[in-house]
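The block underneath contains the structure these notes are about, expressed in structure tokens.
Throughout, read-outs are computed from the coordinates displayed, never taken from laboratory work. Bear in mind that the values here come from a model prediction, so they are computed numbers and not experimental data. Every residue, glycine among them, receives a Cβ derived from its backbone with ideal geometry; neighbour counts consider all protein chains shown.
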Amino acid sequence: MKQIYKSNKLENVCYEIRGPILTEAKKMEDEGHRILKLNIGNPAPFGFEAPDDILKDVIHNLPKSQGYSDSNGIYSARVAVMQYYQQMNLKNVKVEDVFIGNGVSELIVMAMQGLVNNDDEVLIPAPDYPLWTAAVSLASGVPVHYRCDETNEWQPDIQDIRSKITDKTKAIVLINPNNPTGAVYSSELLQQVIDLAREFSLVVISDEIYDKILYDDAKHTCIASMATDIFCITMGGLSKNYRIAGFRAGWLVVSGNKLIAQSYIEGLNILSSMRMCANVPSQHAIQTALGGYQSINELIGDDGRLKIQRDMAFEMLNAVEGLECVMPKGAMYCFVKVDAKKFNISNDEQMIFDLLRTEKILLVHGSAFNLKEGCYFRLVFLPHVDMLKPALEGIANFFKSYRQVS
Ligand code: PLP
């Protein structure tokens with residue numbers, strides 16, 4: 001029999017957050033080990049539950065959710081999303097500008113399939129949320145990574161972005177608040193991105209799935225609210241802010257200069273129709289979530305569970321000799337720099353394998369986020385302090401004696 005190979009389209013597509021190390025972790029679990037999985041931002045397993053009102057609404061609407069919906073989403077959800085962005089000062093957003101999807105993940109792939117021709121370039125942050133890079137590659141485009149500056153709280157380096165723009169550059173992607181770094185971008189920085197987009201006719205695409213997970217005095221600005229003459233795409237969803245990642249509910253909103261993007265918007269409509277519609281029961285969660293009581297604020301405030309966990313992770317990681325982490329201002333991750341020299345590290349994936357085997361803790365190595373320089377790992381600070389503290393002690397213990405054998 002002939003071998004069956006994956007298509008060439010998948011050649012440069014990689015998503016290591018769920019890659020070979022997770023396979024090893026699963027193998028260890030099968031052998032009877034208990035693994036603490038701090039590799040993905042999945043709130044529910046750590047006791048973060050969706051607000052009751054959201055669940056009630058979905059249950060209430062379940063019998064009415066048996067058929068396909070409009071391919072771009074049910075009306076109440078689209079209106080709720082439209083109003084959400086109107087409150088953020090996005091001008092001229094209409095119901096037809098909202099596309100509901102099965103999570104932001106589906107919409108990222110859809111947005112890139114609709115935009116990118118062979119060899120078109122898309123600017124993506126490094127480190128990134130790797131689905132962005134994968135989606136550009138899958139669409140036969142070229143992901144071009146721009147530098148985010150650790151010494152400047154991981155803000156994008158505008159000079160680096162400028163130096164990477166070519167006549168093939170079609171769009172710039174921002175992730176704000178950022179996964180994996182936790183950076184929240186200043187409005188000055190966003191203004192500079194807009195100026196570049198204006199100068200080089202770039203589409204601005206902003207992944208704002210963590211827009212309500214902000215700590216201390218961090219303030220999130222939706223970049224699309226800052227310009228009407230540029231075509232912008234904003235993405236958000238319920239997975240993180242409302243802790244219902246399994247519901248697969250997200251949205252994409254087009255705004256700004258929609259006149260220049262009529263053909264692209266038509267493409268989005270084609271792609272949206274091709275997959276019939278997003279999961280209908282989950283779409284019913286959107287209106288209640290966006291309009292109702294915002295319980296996330298209790299989790300991120302001074303006595304909030306997420307903030308306390310963030311503070312503990314930040315302090316304990318920075319207390320380890322050879323580890324250094326910039327304070328995350330948003331989201332649910334610490335992105336930690338490892339002194340590769342001190343620990344003789346030449347392979348960051350090996351470091352994560354070794355940690356998994358020794359401490360039974362699963363993290364993600366920095367290069368999985370398309371960061372080519374330096375040695376890093378990302379830790380998800382979702383576990384309750386009772387679980388987080390021993391995990392951080394385990395990490396500290398590992399690095400006390402670690403020397404990578406090459
Ligand atoms: N965008 C970013 C920056 C993320 O971190 C994630 C999930 O971790 C997603 C998108 C995927 O979100 P969804 O669950 O809506 O598909």
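Residue under question is Ile74, and the condition is that it be among the β-branched types (Val, Ile, Thr) and in contact with a His (Cβ under 8 Å, 6 or more places away or on another chain); does it hold? Yes; evaluated as a whole, the condition is true for this residue. Restricting attention to the range 125-147, does a residue exist that is β-branched (Val, Ile, Thr), over 21 Å from Gly267 (Cα atoms) and surrounded by fewer than 17 Cβ atoms within 10 Å (Cβ to Cβ)? No: zero hits. Every condition in (1) surrounded by fewer than 20 Cβ atoms within 10 Å (Cβ to Cβ); (2) among the aromatic types (Phe, Trp, Tyr); (3) under 15 Å from Gln287 (Cβ atoms) is met by Tyr84 except one, and the failing one is (1). Would the range 246-266 turn up any residue that is assigned to a loop (DSSP other than H, G, I, E, B), over 22 Å from Gln86 (Cβ atoms) and in contact with a Pro (Cβ under 7 Å, 6 or more places away or on another chain)? No, the range 246-266 contains no residue that is assigned to a loop (DSSP other than H, G, I, E, B), over 22 Å from Gln86 (Cβ atoms) and in contact with a Pro (Cβ under 7 Å, 6 or more places away or on another chain). Give the residue that is surrounded by the fewest Cβ atoms within 10 Å (Cβ to Cβ), with candidates limited to residues of the range 201-217 that are away from the ligand (no atom under 16 Å from the Cβ) and assigned to a loop (DSSP other than H, G, I, E, B). Residue satisfying both the conditions and the ranking: Asp217. Looking at the range 116-200, the strands (runs of 3 or more DSSP E) lying wholly inside it that each contain 1 or more residues that are polar (S, T, N, Q) sit at 169-175.
Inside the range 244-260, residues that are touching a helix residue (DSSP H, G or I) at 6+ places or on another chain (Cβ under 9 Å) and away from the ligand (no atom under 11 Å from the Cβ) make up a count of 5.
The helices (runs of 4 or more DSSP H) falling completely within the range 1-113 that include 3 or more residues that are away from the ligand (no atom under 16 Å from the Cβ) and farther than 27 Å from Gly366 by Cα map to 52-61, 75-87. Would the range 175-198 turn up any residue that is within 16 Å of the ligand (Cβ to nearest atom) and either over 18 Å from the mean Cα position of the chain (by Cα) or over 30 Å from Asp302 (Cα atoms) (or both)? Within the range 175-198, not a single residue is within 16 Å of the ligand (Cβ to nearest atom) and either over 18 Å from the mean Cα position of the chain (by Cα) or over 30 Å from Asp302 (Cα atoms) (or both). Any residue in the range 206-221 that's under 10 Å from Gly330 (Cα atoms): show its pairings with residues that are more than 16 Å from the ligand (Cβ to nearest atom) and polar (S, T, N, Q) at Cβ separation under 8 Å, as long as the two are six or more apart or on different chains. From residues that are under 10 Å from Gly330 (Cα atoms), the pairs are Lys212/Gln294; Lys212/Asn297. Can you confirm whether Pro156 is in contact with a helix residue (DSSP H, G or I) (Cβ under 9 Å, 6 or more places away or on another chain), surrounded by 22 or more Cβ atoms within 10 Å (Cβ to Cβ) and over 20 Å from Thr234 (Cβ atoms)? For Pro156, the condition - in contact with a helix residue (DSSP H, G or I) (Cβ under 9 Å, 6 or more places away or on another chain), surrounded by 22 or more Cβ atoms within 10 Å (Cβ to Cβ) and over 20 Å from Thr234 (Cβ atoms) - is not met. In the list Lys258, Lys240, which residue meets the criterion of being of a type in the set (Lys, Arg), within 24 Å of Asn176 (Cα to Cα) and within 21 Å of the chain's Cα centre (by Cα)? Being of a type in the set (Lys, Arg), within 24 Å of Asn176 (Cα to Cα) and within 21 Å of the chain's Cα centre (by Cα) holds for just one of Lys258, Lys240, which is Lys240. Cβ-Cβ distances below 6 Å connect no pair with a first residue in the range 129-154 that is without any contact (Cβ under 8 Å) to a residue 12 or more places away in the chain, a second residue that is within 16 Å of the ligand (Cβ to nearest atom), and a separation of six or more residues or different chains.
If the condition is being over 18 Å from the mean Cα position of the chain (by Cα) and of a type in the set (A, V, I, L, M, F, W, C), then the range 139-159 contributes Ala139, Val142, Ile158.
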